[in-house]
Amino acid sequence: MSQVLIINGHPDKQSFNHSLAEAYQTGAAKTNSSVTTLNIGDLDFNPNLKFGYRKRTDLEPDLQDAIEKIKAAQHIVWVFPMWWSGYPALMKGFIDRTFLPGITFQPVEGKPLPKKLLKGKTSRIIITSDTPSWYDHLYLRRPAINQFKKGTLQFCGITPVKVTYISPIKSSSDKFRDKWLKKVSLLGEKLK
């Protein structure tokens, strides 16, 4: 049985991201997989990596639980909005506090790149935005996607990482949103 973890990085439970996470979960529930959803906005933790990597800050119980879920999952789905060409501050704090040396990567003395501790896992990023896809790709050079896909997930060994970019959201119609909810549910059914 496959372990699937859906992580919703939008802090607002009324957001379209929340609906997308539910749609993926609905699709994945039709497979022979164990599916867990983690809403970062529901967790109780300090998002500030106060000492960087110089000194480990004690992990709150919610972060300890999240780390165990990340370690156990074979497929991790991230659902989040792009804000100011990045992702929400709370999600960034979650990553800073959980993607730590000895947990998701291990520095190797004398080598520029670490040992990747999340090898064998796959991922899907579902990102929403008001920025048109062509503008994000051609002008901005996909900063949120590159930072998260390459700088975090692949850096720690997760591959492949597939991306679903949904825009524009702010002015979108119910028909547009329903179409995407159906597409995301199908991604869940295929565990892609």
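The values are calculated or read from the model by the stated rules, or taken from the named source; none is laboratory data. Just so it is clear, the structure is predicted and the values come from calculations on it, not from any experiment. Note: ideal-geometry Cβ built from the backbone for every residue, glycine included; neighbour counts use all protein chains shown. Just the protein is used for accessible areas: all its heavy atoms, side chains included, with ligands, DNA and RNA removed. Shrake-Rupley method; radii C 1.70, N 1.55, O 1.52, S 1.80 Å.
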Got a number for residues in region 55-107 being assigned to a loop (DSSP other than H, G, I, E, B), without any contact (Cβ under 8 Å) to a residue 40 or more places away in the chain and of a type in the set (Phe, Trp, Tyr)?
1
Applying the selection to region 8-54, what residues are in contact (Cβ under 8 Å) with a residue 12 or more places away in the chain, of a type in the set (S, T, N, Q) and over 12 Å from Val77 (Cβ atoms)?
Ser15, Ser19, Thr26, Thr31, Asn32, Ser34, Asn39, Asn46, Asn48
Just one of Tyr53, Tyr24 is modelled with pLDDT under 95 and aromatic (Phe, Trp, Tyr); which is it?
Tyr53
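Check Leu118, Leu138 and return the single one that is within 28 Å of Lys183 (Cα to Cα) and in contact with a Ser or Thr (Cβ under 7 Å, 6 or more places away or on another chain). If you could, list the steps in order and put the result at the bottom.
On the way: Leu138 fails: in contact with a Ser or Thr (Cβ under 7 Å, 6 or more places away or on another chain).
Every option except Leu118 fails the conditions.
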Mind checking which residues of region 1-46 are assigned to a loop (DSSP other than H, G, I, E, B), surrounded by fewer than 16 Cβ atoms within 10 Å (Cβ to Cβ) and touching a helix residue (DSSP H, G or I) at 6+ places or on another chain (Cβ under 9 Å)?
Asp12, Lys13, Ala29, Lys30, Thr31, Asp44, Asn46
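Is there a residue being open to solvent by less than 20 Å² (accessible area, probe 1.4 Å) and modelled with pLDDT of 95 or more anywhere in region 170-182?
So in region 170-182, the residues open to solvent by less than 20 Å² (accessible area, probe 1.4 Å) come out as none.
Checked against the condition, which is being open to solvent by less than 20 Å² (accessible area, probe 1.4 Å) and modelled with pLDDT of 95 or more, region 170-182 yields no hits at all.
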Might you let me know whether region 62-69 holds any residue that is in contact with a helix residue (DSSP H, G or I) (Cβ under 8 Å, 6 or more places away or on another chain) and closer than 30 Å to Pro168 by Cα?
no
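Got a sec? Which helices (runs of 4 or more DSSP H) wholly within region 108-192 have at least 2 residues that are under 14 Å from the mean Cα position of the chain (by Cα) and in contact (Cβ under 8 Å) with a residue 12 or more places away in the chain? Break it down stepwise before answering.
Values: elements: 133-138, 143-148, 174-190.
Because the criterion is at least 2 residues that are under 14 Å from the mean Cα position of the chain (by Cα) and in contact (Cβ under 8 Å) with a residue 12 or more places away in the chain, the helices (runs of 4 or more DSSP H) in region 108-192 that meet it are 143-148.
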Condition (residue is open to solvent by 70 Å² or more (accessible area, probe 1.4 Å), among the basic types (Lys, Arg) and closer than 16 Å to Trp78 by Cβ) applied to region 143-150: is it met by at least one residue?
yes
Condition check for Asp62: of a type in the set (D, E, K, R), open to solvent by 10 Å² or more (accessible area, probe 1.4 Å), in contact with a Phe, Trp or Tyr (Cβ under 8 Å, 6 or more places away or on another chain) and at pLDDT 95 or above
yes
